[in-house]
Each structure stands twice: as C-alpha cells, then as structure tokens.
Amino acid sequence: MAMESRSATLQSFLTLLLTLSGFHLAESSGTNLGLTPHMGWSTWNVAQCRAASARYALDAAEKFISLGLKDLGYEYINIDDCWSTRKRGASGKLAPDPVKWPDGIKAVADQIHDMGLKFGLYGCAGQMTCAGFPGSEGHAASDVDQLVGWGVDFWKFDNCYTPCKVNPRPETCPRPAGNSKTWYAPMRDAILTARSARQIHFNLCNWGRDEVWKWGAQYGAQSWRISPDNYGDWASIERIATAAAPISQHSGPGGFNDLDMLYLGSPKLNAHQERLHFGLWGMLKSPLVLGLDLGNISASTLETLTNRGVIAVNQDPLGRAAAMFRPPGAPEPEPGRIYPYWAGELVDGVVIGLCAGMVAGRYGVEFRDVPGLGRKSYEWKEMYTGQTGRGSGVAFDIGLHDMRVVKVAVPGAREGHVGL
Ligand code: GAL
C-alpha cells in the first residue's frame, strides 16, 4: 500500500512536470490531435448500415448546431460501416455508394467543415469490413490518399476479415491468429506518412485485442477500442466500464481508451442508466460519441448528454482517467459489476463518481478517503443535480443504476484555480 501510494505520488509529480512543461504524449508523435477525448456522433448505433449516408450526416450536423451540441464540444460527424459500394472501382479505388452519397464524399465533408465541424469515415484492416464492404488490406496507401483528397478528419479502423490461420477466410478470427499489430501496421504507416498533408485522427477498433492500450499510441492512434461492442443494454455498460477501470492509466492526452460509442437513447436503458453511462464514460475519459437519432430525442436524454459538468470533466486538460477506489469498510469490487466508488484527478480538483450500480441507497465518502484529497474541508458541486456544498465529505440517496458526479475543488491544484 505504502509502495503504491509512493509510486502514485511519483506519477502525479511526473505528470505535473510534463503538464507544466507543456509536454504531451501527442506532441512526442508529431501531432496535436486528441489532446482530450474526441466528441461527436456516429451512424452505427443510429441505424447501422442504413445511416451511412449523406442525408444522415448532414441532418446530424445541422442538429449539432440547432441543439447547441457544437457549442458544447461535439465536433465529429462519423460515418461507420456500409458507406461504399460492395466492390472497389475499376482502378482499385474505394467508391462511395451513389445512392447514399449522390454528390460524393468530398461535397459532404466540405459542407460539414463549413459548419465548423469535422468529418469521419470507417474502414477495416482485413479484406472486407465487418458488414462485407471493401477492406483496406493491400490498399492502405491508396485508401489514405483518397481520405486526404476528400478532406476526412477521422478514420475508424476495424479488424474483421483479417488473416486467419484458424478458419479459412472470409471468416473473422474468433481469436487473433498472430497479433493484430501486424494487421494495423500498413495503415499506421499510411496515416503517419499522410500526416504532413492532413491530420487524420486514427481510431483503432480491434475490440481490445492484444492489449491495444499498451501500443495504440505507438501506432499513431489517438484512441483505441478496449472491448467488444456496446449493445445499448445495461449488461454492456457493466461489462465495458468494469473492463476499463483497471487500465485507466493507459489513457492520456494524445491517446485515450475508447469505451465504444455512447448508447444514450437506447430503448434498453432508462434515465438512471443513461446518466451512469454518460457519467462513467465521461470520468473514464472515453471519447463521447453519440449514437442516436438527433431528430427524435427525449428531453431527459438530451439533458444528460448536454450536461456541461460531465463534459468538462471529460475534457479536462490533464486527461487523467478516473479509477475505482475502496474507502474503509467498503466491499471489494466484484468482477463485471459497477463498483460504487470512483475518483480521478482534474487540473483544478478531483472528480468523485458515486454509482448505485448494484443496489439503490445512500452513498457517500469522506474526502480524506478519496485519492488526491486530504483531511480538510472542500467546496464541491454535483453535476447532475447542481447541488453545491462545503465540508469534509458528501452523501446522496441514489436510485438503482443512477450516479452522482461530484467535482471537488482543490484551489491552485495545478495551473491555477478554475473553480466549480
Ligand atoms: C464492429 C465495430 C462496430 C461497428 C461495426 C460495423 O466491428 O465494433 O463499432 O463499427 O463493426 O460493422
């Protein structure tokens, strides 16, 4: 324990030095992309293949403006699988589906840029994408040339139909044959070579294979999926949040663990579960990528995904993901179940997450038991209820699967006190 806290102190000190000296992981790889987790919207959780069209992209972009999402930091309009034709064009080039993209890709990317937003596309390291559209195997450099020409800002790169020793192609390997690093190397080289022409955010989607959080940054990526998909149900939230907790130290400015797209608006999640989903993804510094029809959104869902406090925590410049902590007397974490106590350092304080993931009830902490805080009185603010206070601890009655996100101000913590 003493060892652990000594190494935590050393780590904090190093991070402080790096932060104060303006050094970021991203700068060491020659880009300023992804200094905070990216925020946006993607087609996949909206209507899978059907949504990968110009109409959906432009409608979402307009909603980003009219709903005020752009002002809150939502920026990327990302098209997922199924945007191209089923076969490459005669010249071996990727071709947008002419029905879904009547004016091509560039015209849409240009319009989105004119609105002050960014545009993303999806590809795959294997022969085909997961939905059976052309993959980039053997075409990495040429595909990236096309992305640069179209003005693409974000490239999600999947791992279906990759070389598979166990099953004959075109099956996706159930277990990786070899290492997914091998599959990603050609695209890494192409993206890095193209960076002088265009700064494309590289998002790895290998579902957490081969501990991607340990090498994603060296592969030029700014974010990497750590798990199989979020299916928009409570079991997915439990599975992904608990998988992210022990690897939170691998997230940081320039390279973040991607807990998969948000599923706010899913009919399988209630308002409590949506708050916990958003709050934990925010605290864990996951990208915040919406996956719902923005033209048909409930007041409660909109309220959650526009929560300024949670967004500010997610976008905190320190980029330190929260982790679980165990106050005296609290039970041990149970595998796959959402633990009640989470905390993470911010540039001007500490954020505490209290989760009623297993049972409704009263949840509280003494600040002296929270990593980064001491035996003192602090000012605090809760992000979902807006409650504020001052004292040596907090406690809330929390409904089943709901969450409270408490920011505790530590005056002068790092680059000056910003306040609550
Ligand atoms: C999966 C990926 C999803 C989505 C889908 C498209 O592999 O995890 O996020 O992109 O492919 O087919």
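The values are calculated or read from the model by the stated rules, or taken from the named source; none is laboratory data. Please read these numbers as outputs of a predicted model, since none were measured by experiment. Glycine gets a Cβ as well: all are built from the backbone with ideal geometry, and neighbour counts include every protein chain shown. The area values use the complete protein model at the heavy-atom level, side chains included, leaving out ligands, DNA and RNA. Shrake-Rupley method; radii C 1.70, N 1.55, O 1.52, S 1.80 Å.
Determine the relative contact order of the stretch 323-409: mean sequence separation of Cα pairs under 8 Å and six or more apart, normalised by residue count, in whole percent. Relative contact order of the stretch 323-409: 31 percent.
Label sites at A107 and N296, each approximated as a point 7 angstrom past Cα along Cα to Cβ, lie 2.7 nm apart. Of K87, K93, K100, K268, the order by accessible heavy-atom surface (1.4 Å probe, DNA, RNA and ligands excluded), from most exposed downward, is K87, K268, K93, K100. Spin-label pair A360-A47: with each label point 7 Å from Cα along the Cα-Cβ axis, the two points sit 3.6 nm from one another. Expressed as an acute angle from 0 to 90° and rounded to the nearest 10, what is the orientation of the C-alpha long axis of helix 180-194 relative to the principal long axis of the chain? That works out to roughly 80 degrees. Taking the Cα centre of the chain as origin and assigning +1 to Lys and Arg Cβ atoms and -1 to Asp and Glu Cβ atoms, the resulting dipole is close to 480 debye. Of the residues E137, E332, the one with the largest accessible area comes first in the ranking E332, E137, computed with a 1.4 Å probe on protein heavy atoms. With contacts taken as Cα pairs under 8 Å at a separation of at least 6 residues, the stretch 21-314 carries a relative contact order of 19 percent. So how far, in whole Å, is the C-alpha centre of the stretch 219-257 from the one of the stretch 324-388? Centre-to-centre (Cα) distance: 20 Å.
When every Cα-Cα distance of the chain is counted in 20 angstrom steps from zero, the calculated P(r) takes the values 27, 57, 16, 0 percent. Take F64: with every protein chain present and a 1.4 Å probe, its accessible area is about 0 Å². Potential lengthening of the chain between E211 and K87 amounts to 41.4 nm, from the contour at 0.36 nm per residue minus the alpha-carbon distance.
Full extension of the chain between E303 and E379 gives 24.9 nm of extra length, using 0.36 nm per residue less the Cα-Cα distance. In this simple spin-label model, placing a label point 7 Å from the Cα along the Cα-to-Cβ direction at both I65 and E332 gives a separation of 5.6 nm. Hey, which of these cross-link pairs are over 30 Å Cα-Cα: K156/K407; K106/K268; K63/K87; K70/K381; K181/K268? Distance filter (> 30 Å) returns K156/K407; K106/K268; K63/K87; K181/K268.
For an R0 of 30 angstrom, estimate the FRET efficiency from the Cβ-Cβ distance between D229 and A141 and round to the nearest 0.05. Approximately 0.55, to the nearest 0.05. Of the whole protein surface, D97 contributes about 30 Å² of accessible area at a 1.4 Å probe radius.
Of the peptides 316-327, 215-226, the ranking by mean beta-carbon count within 10 Å, highest at the top, reads 215-226, 316-327. Working note: Karplus 6.51/-1.76/1.60 with θ = phi - 60° gives the stretch 304-314 the couplings 5, 6, 9, 5, 4, x, 5, 5, 5, 4, 4 Hz, where Gly and Pro are set to x.
For G135, the residues 5 or more places off, or on other chains, whose built amide H falls under 5 Å of its own are M128, T129.
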